[in-house]
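None of the figures in this text is laboratory data; all of them are computed from the coordinates on show. As the structure is a prediction and not an experimental result, all values here were calculated from the model. FYI the Cβ positions are ideal-geometry reconstructions off the backbone, even for glycines, and counts take in every protein chain you see.
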Amino acid sequence: GESVGLHLPTLSVQEGDNSIINCAYSNSASDYFIWYKQESGKGPQFIIDIRSNMDKRQGQRVTVLLNKTVKHLSLQIAATQPGDSAVYFCAESPNTGGFKTIFGAGTRLFVKA
Amino acid sequence: DGGITQSPKYLFRKEGQNVTLSCEQNLNHDAMYWYRQDPGQGLRLIYYSQIVNDFQKGDIAEGYSVSREKKESFPLTVTSAQKNPTAFYLCASSIDIADTQYFGPGTRLTVL
């Protein structure tokens with residue numbers, strides 16, 4: 001997962017545009033990846049997950065892409081809305097989650113109306 | 001209405017006092033976890049419990065204690081031994097110890 005100290009990377013997008021949030025994961029043995037959304041002062045919400053035997057998975061307005069060669073994960077949000085403003089972070093695990101999950105620090109998404 | 005609840009949402013305590021944070025889930029999950037979140041950092045695991053009456057230290061267990069007497073409850077005590085307790089504390093649960101975790105709303109602890 002990523003570690004960026006006190007200040008998170010920030011992405012600012014116009015309402016209606018697509019957003020792409022990136023994550024570089026650390027462990028080549030990781031088999032399972034999750035994206036969470038965390039609004040200010042709230043707990044993280046599960047968005048979408050992907051196993052290492054896949055390179056793409058789609059949900060409602062969201063797509064996760066996995067590139068195992070360069071250990072890179074991305075979250076694409078289509079037609080970004082003001083309610084999408086939050087911190088997004090990725091998590092990696094050697095199996096399907098659980099106590100060995102490693103969480104990244106996240107990226108802050110601002111959506112301009 | 002299933003889910004994970006944490007209480008209180010905000011907690012203020014004086015230095016040197018122990019404080020207990022509540023976490024309850026009605027999802028029938030076996031595994032529960034406590035994390036600490038500090039600004040600009042990823043979640044750090046404090047303690048986890050695979051099943052009732054069992055719990056294990058995570059990466060930053062010093063200064064914390066837990067109990068798991070009931071499946072649905074996993075309270076965390078922040079003791080006076082914790083050097084820097086001010087943080088946002090998150091509880092999570094999963095069906096079992098190797099499954100996707102779902103989080104509660106968090107408790108923000110401020111030590112004055």
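Of note:
- Note on residue A:15 and residue A:52: the extension gain reaches 10.2 nm, defined as 0.36 nm multiplied by sequence separation minus the Cα-Cα distance.
- P(r) tail, chain A: Cα-Cα pairs separated by more than 17 Å, 51% of all pairs.
- Bridgeable lysines around residue A:68 (alpha carbons under 29 Å apart, same-chain partners fewer than 8 residues away excluded): A:37, A:56, A:100.
- Residue B:61-residue B:13 FRET efficiency (beta carbon distance; Förster radius 30 Å; 0.05 resolution): 0.95
- Mean partner shielding of peptide A:41-54, defined as the number of other chain Cβ atoms within 10 Å of each residue Cβ, is 3.
- Applying both filters, DSSP loop and at most 12 other Cβ atoms within 10 Å, to the trypsin sites (Lys or Arg not before Pro) of the stretch B:56-92 gives B:83.
- Residue order, fewest to most beta carbons within 10 Å, for B:111, B:66: B:111, B:66
- Within the listed set A:26, A:93, A:74, the Gaussian network model of chain A (springs between alpha-carbon atoms below 10 Å) gives the highest mean-square fluctuation for A:26.
- Peptides A:12-22, B:72-82, ordered by how many other C-beta atoms sit within 10 Å of their residues on average, highest first, read B:72-82, A:12-22.
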